[in-house]
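Here is the structure we will look at.
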Amino acid sequence: MSRIQRLPFFLHTLIEIPASLNFFLNPSSQLSIPAPQAHTIIQQYATLLFVSCLISIIFASRPVDRTSRNVAGALSLYHVAPAIRAGGRIVTGQGFGKGVKGLGGPGMHFIQCEYLFLPLNNPALQALPIKKLPLPTTATVTRRNAHFSRPVSRNPISFYFPTSISTTVAGEDEALEFRLFQHFVNITDVPQLFSACNISLWIIQLACRHRSVMEALLGVSAFHLRSSFSSSSSAFPTSTIPESKSEREVIKASHHYMGLAIATHRKLIIEEGVTEKTADAVLGSCLFITYHSTGSQKFLNQAHNSALSSNSHTERDRQLCRVPLHWFVPMKSLKDMINLAAAYVQNEGMRTLLQWEEANFRVVLQNETSPDPDNDYPTTFNFLLDDLPLDAPDYKTYALCTKYLNILGGGDIIKFILKFPALVPPRFVELLREKDLRMMGIAGYFLMLVRRADHEKHLWWMAGAVENDWEGMKYAYESDEVWNRRMEWARKEIEGGRFIDFEIGEALARV
């Protein structure tokens, strides 16, 4: 056999032996996202490549015949075809390597970090691999609920502001960082449920190890501290620059640190994705950014038309009102991120808590939405469907959202009300964006239930958030006689600061 005839066999051997060894010894490097279950398949493929190299060597050493020519032709086509395909893409102006690691494609771009402006339909997020645990038994649910829901008394947290994590600040800025860090420790150092206490401790520990999480912590702390300023006491705080230098520093720091945190978080996800190495930092920053997007809206939406007064009862009120989209977009992103990153969280207790919360919630939904005729879920909020014909456009969307509100709104499971935004369909967000009064009514009673959950769970990041969001919508309700009466229950609880029995509240809303 001549050298030219042996060339395909030698080239195949030279190319594929290093590739097969790399695949076999380091299978994770061939994946764009973590998938340990695929490692075995990659190693099996590496073994086949190695065997093909051995066969190639055998054919290179034997006399020329028809079989060897066929094998040589197949090997040539195997290696030339990708080059022809890539050349064709270049000639036609298309990129190549999209989504393939090692060719410059965005192999880690499957997760879009757009907590404040996430598209309604995001195929990348919908395709995330989610590992569902088997549903626990009722006895297990009862036992674990008692464990995670037991109260924890106030216990001073002995955290010191870390000096070892990389930072470029010094002098006065360092003193401000210490002040904001200490403020966050103080606001989380309160009597609370065991699960909430665990999350607070875990997230502070993360901030002490990861600068990106620390920046998010400092940003959230600064926004929370701003709520205590006299200039921020109303639902629509003034944009006037305060005279106090201390207040000006905190206002500047709130936007500075949160901007850094969001930028760093995006970069981490785009460049590295969610892996065992990055999961803690990604999830910690994600929690803080969600806290920020839902709890700090009065500082992010300061533009408010003064024409909206309690004396204006026109269609213009509804069009100019501010709907709480910030509850329903970020929460979906947070749920996707928790489902993806929870399996990689290093802290075993925290990992167990996150997985348990999801499994427990699935039990609740399965039990409450069971087709069993004996399983009669509550209908407290069905008044939101009054005067709505069964054949009305979007009736199914209204009915589904009201059903979730009924299920999550009563009894011991009200703690799950914060999962409501992640359950509603995309059409809910579209209608809310269009200022649809019925969807605004559902959102208003969601806020009322969130306020009840805040009272029960001591959600420090919720300070003033419900009142602010209610203020943004209430004039739209008042401009419509029917919905003004229908929202009376929520108005008395949110504006009046008292909790009303469900039967009495339902009667108020139906008057």
> Once the Cβ-Cβ distance between residue 276 and residue 506 is put in as r, and R0 is 60 Å, what FRET efficiency do you end up with, to the nearest 0.05?
Replying inline: 0.75
> Can you list the residues, at least 5 places off or on another chain, whose amide H is less than 5 Å from the amide H of residue 278, using H built in the peptide plane?
Replying inline: none
> Exposure proxy check: 352, 379 ranked by fewest other beta carbons within 10 Å?
Replying inline: 379, 352
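What is the gain in length, in nm to one decimal, between residue 55 and residue 387 on full extension, counting 0.36 nm per residue of separation less the C-alpha to C-alpha distance? Please list the in-between numbers first.
Working: separation 332, 0.36 × 332 = 119.52 nm, distance 7.66 nm.
111.9 nm is the gain from fully extending residue 55 to residue 387.
R0 = 22 Å: FRET efficiency of residue 395 with residue 455, Cβ-based, nearest 0.05?
Details: r = 33 Å, r/R0 = 1.51.
With R0 = 22 Å, the Cβ-Cβ based efficiency is 0.10.
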> Roughly how many nanometres apart are two label points built 7 Å out from the Cα toward the Cβ at residue 246 and residue 362?
Replying inline: 5.0
> In region 354-510, with Lys and Arg counted as +1 and Asp and Glu as -1 at Cβ, which of these residues, 402, 382, 439, has the Cα nearest the positive end of the dipole, that is, farthest along it?
Replying inline: 439
> For region 454-466, what does the Karplus curve 6.51 cos²θ - 1.76 cosθ + 1.60, with θ = phi - 60°, yield as ³J(HN,Hα) per residue in whole Hz, taken in order and with x for Gly and Pro?
Replying inline: 4, 5, 7, 9, 6, 7, 4, 6, 8, 3, x, 5, 5
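Cα-based count: Lys pairs in region 354-510 below 18 Å, eight or more positions apart or different chains?
Values: 403/415; 403/419; 415/457; 419/457; 435/474; 474/492.
So the count of such lysine pairs works out to 6.
Given Cβ point charges of +1 (Lys, Arg) and -1 (Asp, Glu) and nothing else, what value in debye, to the nearest 20, does the dipole of region 354-510 about its Cα centre take?
Working: 19 positive and 28 negative charges, 65 e Å.
In debye, rounded to 20, region 354-510 gives about 320.
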>> Loop only by DSSP, 16 or fewer other Cβ within 10 Å of the Cβ. Give me the GluC sites (Glu not before Pro) in region 429-488 that pass, ordered by residue number.
In response: 434
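All of the numbers you see were taken from the coordinates with simple rules; none came from a lab. Worth saying up front: this structure is predicted, and the values here are computed from it rather than measured. Reconstructed Cβ throughout: ideal geometry from the backbone, glycine too, with neighbour counts over all protein chains shown.
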